[in-house]
Structures are given as C-alpha cells and as structure tokens.
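Heads up, the thing below is written out as structure tokens.
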Amino acid sequence: MLGLILRRLSISAVILLVVSMLVFVATLLLPGDPAQAILGQQATPERLEALREQMNLNDPFAQRYLHWLGGLFVGDFGVSAASGGSVAALLGDRIAASLVLMVAAAAISIPVGILVGTYSALRRGKAGDHAATGISLVLAALPDFVIGIALVTLFSTTVFTVLPSVTMAPPGEQVWDYPSQLILPVLTLVLVVMPYIIRMMRTTMIEVLDSGYVEMARLKGVPERQVIWRHALPHAIAPVAQVVAIQLAWLAGGIVVVEFLFRYPGVGQALVDAVTNRDVQVVQALAMLIAAVYVVVNLFADIVGIVTNPKLRTGGIR
C-alpha cells in the first residue's frame, strides 16, 4: 500500500511539472508586453527596458521558466500587470473567499449525496428510488449557469425575494461576514456536484449489495444494519471517491462561472478580470493553483481508494 501511494505521489509531481511548462508556454504566446501593461502607454523606452530587466523578461526562455518555477515553490507569483502589486497579495483574499464556497459546497454535497445514493440503492425500484434518480438526472443535465439563474429567479426576483442575487461586502470586510449572500452560490454548486455522487453511489451500492460476500453475511445472520455499514458501504466508497474527486476538481475550475454569475470576489472572478486585462502573471498563478487543486484532490481520492480497498490494503493486488 505504501508503494502504491508513493507511486501516486511521483505521478502527481510529474503532472504538475508538465502543467507548469504548458502554462508558461501558453501565457508567453499571449499578445501584449507585461512591462508596457504595468507602466502604461506613456512610459519611456528607458523605463520599459529597466522594468523588463527587473522582471527578467530579457532572459532566455529556459532561465525565465526556471526563475518562475522557483518562485512558485516560495510563494512568489510575480507582479500583477494590472495593479503593479504582488500577485500573492492580490490573490490572498480571493483564494480564501473561494475556499469558503468550495468547502461549504463539499461539506454539504458529499455526505448528502452518499446518503441519498445509499437510500436509493436500498429502495431500489420503489417510489423513493425513482424520485431520487429522476431529480438527479435532471440536475445533471443542466449547466451550472442555468441552475444559478433559476435559483436567482426563484429566490431573488419574481417568486420569493428573500436572498440577495449578488455578493457585496463593504470595504475592509469579508464576504463570508454576510452568510445570506453565500446561500445561492453554495446551493448552485451543491446542485451541480451532488447528482453525480448520488448516481455513482446508487450504482456501486447496488453492485455491492448483490455481491457474494454480502449475501454470505446475511446468510450468517448478521443484522442488516451491520451488513450495510460494515460490509457494503466501505466497498462502495472506493469507486465513489473517484467521482467525488472529479467533482471537487471541477469546483476548482468550474467555480469561475458561478462566481462570475453572482459577482463573487473569488479566484473565478479574478481569473476573468486577469484574462480581460491581459494580466499574464495572475493568469499563470491561477492556472497553476487550479491545476494543483485538481491533482491534489485526485491524489487524495486515489489514497482513499487504496485504503478502503481490502485487496490493495492487504497486498492482494500490486
């Protein structure tokens, strides 16, 4: 098991290294001069040249990449072309705001999705199963912005005017100081993520409940509650962990649309603004941040799958 985990760690490190190369090359191909963007159109050639030297823009490609990569390891993401300040300082509050959304959505969607999927599997073919399956299928077919607009229409405009449609906080205060503003963005993310967890949990739970070892446990007289929690559920969690990882990884990138829809001041809104302003350093930092979250979440799902799989845990498969 330790060997499998170490191999997953090595693969994740290689993936992040390749992604860093692709991100750096892709952003170099974007039009515009970072030094010109920072100093403006009225900057003199001398000032532009001095800033290019300061930002290492005149160095060879490989040297610039290694300098940028080394900065990532120490938290130095460069200087924002739009504001002229540190990218790390600019993104600090944005990252914290997005983490609040992601953690809240994950804390609701994962346990509720697992419980509803398990309930649907146990009530297979009955009304509760049909209702859960039908609703999850409809939600899975809807894009995230459609769900968000529907929630705004329902709770902020024409039907029930009870929740704010956008997120706004006074200067110096954080958006999470106003919990009512978080309800619609979090609910949108939950309704986007949860249907996939429900459907996968139902499918794997049905397969496990029909397996031989669960039938043997029942024939031995093991109570049904114990059969479900000790024999069926642990075996069903491993494949569901992969789906959970994919959905959490989607949150890292898909949150851009939801944040833009609700004007939420997170990394999604920061990425839209950076692309609009051709702020290369911010785009690089956010691309690497999203990639890192994606890789780490999938690595965690692999580890959960290894730990919860009895065959891997006992060395039956290598």
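The values are calculated or read from the model by the stated rules, or taken from the named source; none is laboratory data. The shown structure was predicted, so the numbers you read here are calculated from the model rather than taken from an experiment. Methodologically, a virtual Cβ is constructed for each residue, glycine included, from the backbone with ideal geometry; neighbour enumeration extends over all protein chains shown. With ligands, DNA and RNA removed, areas are computed over all heavy atoms of the protein, side chains included. Shrake-Rupley method; radii C 1.70, N 1.55, O 1.52, S 1.80 Å.
The figures follow:
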item	result
Spatial separation of Cα centroids for the stretch 211-261 and the stretch 169-198, in angstrom	24
Estimated inter-spin distance, residue 180 and residue 99, nm [label 7 Å along Cα→Cβ]	2.8
Apportionment of accessible area to carbon and sulfur, the chain, percent (1.4 Å)	68
Residue (of 216, 179, 262) at the positive-pole extreme of the chain, dipole from beta-carbon charges	216
Gain on full stretching of the segment that runs from residue 26 to residue 69 - 0.36 nm per residue minus C-alpha separation	14.0 nm
Förster-model FRET efficiency, 35 Å R0, residue 222 and residue 296, C-beta, rounded to 0.05	0.40
Per-residue ³J(HN,Hα) for the stretch 144-161, Karplus 6.51 cos²θ - 1.76 cosθ + 1.60, θ = phi - 60°, Hz, x for Gly and Pro	4, 5, 5, 5, x, 5, 4, 5, 4, 4, 6, 10, 10, 10, 8, 9, 10, 8
Shape box of the stretch 45-172 [Cα atoms, principal axes, largest first, Å]	74, 36, 25
Nearest-0.05 FRET efficiency for residue 213 and residue 9, computed from C-beta distance (R0 45 Å)	0.90
In nm, spacing of pseudo-spin labels at residue 48 and residue 161 (7 Å Cα→C-beta vector)	5.3
Whole-number percent relative contact order across the stretch 85-196, with pairs defined as alpha carbons under 8 Å at least 6 apart	35
Per residue value of the accessible surface for the chain (all protein chains in place, 1.4 Å probe), Å²	53
Normalised contact order of the chain, rounded percent, pairs of Cα under 8 Å and 6 or more residues apart	26
Chain lengthening between residue 275 and residue 135 when straightened (0.36 nm per residue, less Cα-Cα)	46.8 nm
